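The values are calculated or read from the model by the stated rules, or taken from the named source; none is laboratory data. What you see is a predicted model, and the numbers here were worked out from it, not measured in a lab. Please note: Cβ atoms are built from the backbone with ideal geometry, for glycine as well, and neighbour counts cover all protein chains shown. For accessibility, only protein heavy atoms count, side chains too; no ligands or nucleic acids. Shrake-Rupley method; radii C 1.70, N 1.55, O 1.52, S 1.80 Å.
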Amino acid sequence: MPTEPSPRRFSLPRPVLPHSLLNLIVASYIMVALNGGFWSRLADQFPAPPLKAGLFGLAVWALTFLLLELLGPGRAQKPVAAALIMVAASAHYYEQSFGILIDREVMRAIFETTLTESGHMVTPDMILTIGLTGVLPAALVFWPRVRRVGPWHQLWRWPLGVVMPALLCIAVLFSFYKDYSAMLRERHDLMGAYQPGAALSASVRYAREEWKSADPVAAPVGRDAAAGPLLAAAEKPVLLVLYVGETARAANFGLDGYARDTTPELRKRDVINFTDVTSCGTSTAVSVPCMFSPLAKADYSHTGFLSHENLLDVLDHAGVKTLWADNNTGDQRVAARTGWNRVDATLTPEACTRECTDEVFLPLIRKTAAEMTGNTVLVLHMIGSHGPAYHLRYPEGSATFTPDCQTSQFSDCTGEQIVNAYDNSIMETDRVLSASIDLLAGQERVIPALLYVSDHGESLGENGLYLHAAPDFMAPPEQTRVPMVLWLSAPFRAAMGLDAGCMAQVARQPASHDNYFHTVLGLMDIQTGARDAALDLTATCRKKDLT
């Protein structure tokens with residue numbers, strides 16, 4: 001008995017494409033769909049006639065084709081093409097959503113952040129956008145079959161596929177060499193917006209620097225450090241609390257002239273506010289190591305930081321105990337030789353109902369002051385105003401400015417709501433610093449002082465920028481001007497011979513993170529050749545008859 005033929009399943013026929021045609025399609029998609037920031041900057045540079053912009057765009061398209069050919073020979077083509085689409089789609093999303101350009105320091109921040117912080121960046125909008133523009137096109141790369149050539153043909157096809165787009169790119173660039181070379185020198189943001197090129201370049205630069213500094217040997221700094229006569233003569237142990245702030249910008253700090261009084265509690269206390277302070281970088285991964293490094297911003301590099309001992313080492317050489325407690329992304333290898341600890345809910349459960357706010361530090365200050373037996377510097381690395389989850393930086397129900405943005409997805413909030421949430425986080429910093437001052441002022445067994453400075457600022461939508469980590473060449477003042485506040489107890493001023501009136505005068509002059517290393521040593525009266533009096537903000541304010 002004849003058997004009936006089984007019904008044929010419907011299947012969409014898979015097209016068969018030459019190797020180069022698939023790369024041409026992928027390169028065109030990446031350039032058209034995932035490089036909006038690049039095209040807008042290019043049009044801004046060459047508004048009319050369109051010839052120069054069009055030719056330069058052709059050169060960059062050829063560069064994209066070159067990357068696909070170079071990195072994806074043979075059967076590596078599809079995985080490489082899919083990976084480049086995903087990289088470009090992710091970078092394009094963050095550039096379009098926050099104005100973030102991917103450079104080496106952004107890559108450092110990505111690799112060195114915590115899971116909690118990175119989780120705040122994962123929003124429904126991000127998942128949907130990258131899914132549609134990245135995941136789906138990357139999956140479609142695997143749909144067509146690719147007509148593969150034999151091994152002998154491959155010997156000439158792959159080099160030809162690399163050389164031809166390279167020649168096209170060079171030829172186009174030389175067509176208007178004077179204009180293009182000037183543009184590339186002056187408009188770093190143009191190629192910084194080109195994807196996936198910028199992200200690949202940043203990754204390579206980050207990996208190269210990490211490889212170079214994988215096993216650093218820290219050169220000695222301040223091995224001659226010793227307690228000066230004032231510190232040595234102090235009748236009680238000295239406690240200096242260093243609050244390392246996070247993402248606070250001077251523009252929204254009440255003491256720095258902001259229209260809103262976001263620092264009402266500090267205003268009531270006898271603090272010295274530094275009104276014009278510039279950060280070393282625009283990210284924690286740059287600014288925090290730079291602050292504690294003996295290197296000035298002009299000389300700073302991550303490798304240079306790792307290759308030298310830092311402020312905590314110098315204090316240790318002088319016999320000062322250093323403690324580092326962290327409510328952020330870690331010590332950034334500042335306390336690699338002295339040790340550090342992360343705070344959690346066991347210290348103050350009520351401060352950690354969601355994520356721990358910086359009120360978690362208050363019991364630690366009390367405990368340190370009660371137990372210390374020698375001169376101590378306590379470093380407290382705050383979570384401060386770290387975004388985009390500003391609403392998690394202050395306790396529920398404590399918002400002063402409403403309505404406030406209650407999500408990490410800025411597209412769901414108005415500009416006013418984002419600023420309100422950010423200002424509420426500054427208010428929380430004000431409460432924490434003020435409570436710390438009150439706690440220290442009540443200690444009778446130690447001689448206390450407190451210094452607060454933020455690591456960098458934050459953009460809140462100005463010129464389309466949000467968050468921070470803008471490359472140095474385009475960093476706006478919102479990301480580089482930071483608050484700095486000093487509180488000196490009366491016993492500290494007397495013991496260290498510091499004139500508060502003089503310090504208030506110094507605080508009106510421009511300062512930067514370059515001053516931090518030397519000023520902390522000055523506050524603690526540490527005598528060492530590593531301390532530069534020209535950068536020590538206390539140097540001119542010490543009463544001569546006491547030194």
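Please give the residues of region 476-492, grouped as numeric ranges, whose backbone N is less than 17 Å from a label point set 7 Å along the Cα-to-Cβ vector of Lys543.
Correct set: 488-492.
Search the structure for amide H atoms under 5 Å from the amide H of Val244, placed 1.01 Å from N in the peptide plane, and list their residues when 5 or more places away or on another chain.
Leu380, His381, Met382
Amide H of Leu467: which non-local residues (sequence gap of 5 or more, or other chain) have their own amide H closer than 5 Å, using H built in the peptide plane?
Ser459, Gly461
Can you grab the distance from the C-alpha centre of region 382-439 to the C-alpha centre of region 34-102, Å, no decimals?
Spelled out, the Cα-based centre of one part sits 36 Å from the other.
On the full set of protein chains, 1.4 Å probe, figure out the accessible area of Arg148 and give it in Å² to the nearest 10.
Approximately 80 Å² of Arg148 is accessible to the 1.4 Å probe.
Whole-Hz ³J(HN,Hα) for each residue in region 478-493, computed from phi via Karplus 6.51 cos²θ - 1.76 cosθ + 1.60 with θ = phi - 60°, x for glycine and proline: what do you get?
Values per residue, Gly and Pro as x: 4, 9, 10, 9, 10, x, 8, 9, 10, 10, 10, 5, 4, x, 5, 4 Hz.
Ignoring ligands and nucleic acids, what accessible area does Arg354 show with a 1.4 Å probe (Å², nearest 10)?
80
Mind sorting out which of [x] 25.4, 83; [y] 22.9, 72; [z] 27.9, 119 is the real Rg and Dmax of the Cα atoms in Å computed from the coordinates?
Computing Rg and Dmax of the Cα atoms in Å and matching it to [x] 25.4, 83; [y] 22.9, 72; [z] 27.9, 119 gives [z].
Under a Cβ-Cβ limit of 4.7 Å, which cysteines in the chain have nobody to pair with?
Cys169
I need the calculated FRET efficiency for the pair Ala233 and Phe473, taking r as the beta carbon distance and R₀ as 35 Å, to the nearest 0.05.
0.10
What does the charge count around Thr322 come to, taking other residues whose C-beta lies under 14 Å from its C-beta (Lys +1, Arg +1, Asp -1, Glu -1)?
Every neighbour counted, the sum reads -3.
Helix by helix through the chain, keep the DSSP H runs that span 18 Å or more along the axis on Cα and average at least 0.0 on Kyte-Doolittle, and give those back in order.
Span-like helices here: 19-33, 51-71, 77-98, 151-175, 415-441.
Probe of 1.4 angstrom, ligands and nucleic acids ignored: what's the accessible area per residue over the chain, in square angstrom?
44
Restricting to the chain, compute how many DSSP beta bridges are antiparallel as a %, nearest 5.
35
As a test of the formula, what do you get for the chain when each DSSP H run with n ≥ 4 contributes -39,500 (n - 2.57) and the sum is divided by the residue count, at 222 nm and rounded to the nearest 500 deg cm²/dmol?
It lands at -13500 deg cm²/dmol.
Carbon and sulfur together cover what percent of the accessible area of the chain at a 1.4 Å probe radius?
After summing per-atom areas, the C and S share lands at 60 percent.
Note down the net charge around Pro363, summing +1 for each Lys or Arg and -1 for each Asp or Glu among other residues with Cβ under 13 Å from its Cβ.
So the surrounding residues net to -3.
Do any GluC sites (Glu not before Pro) in region 439-534 lie in a loop, going by DSSP, with at most 16 other beta-carbon atoms within 10 Å of their beta carbon, and if so which?
Passing sites in region 439-534 are Glu444.
Count charges around His302 for me, please; just the other residues with Cβ under 10 Å from its Cβ, Lys/Arg as +1, Asp/Glu as -1.
+1
Which of Lys321/Lys543; Lys268/Lys297; Lys212/Lys297; Lys52/Lys212; Lys297/Lys367 have a Cα-Cα distance over 28 Å?
Listed pairs above 28 Å: Lys268/Lys297; Lys52/Lys212; Lys297/Lys367.
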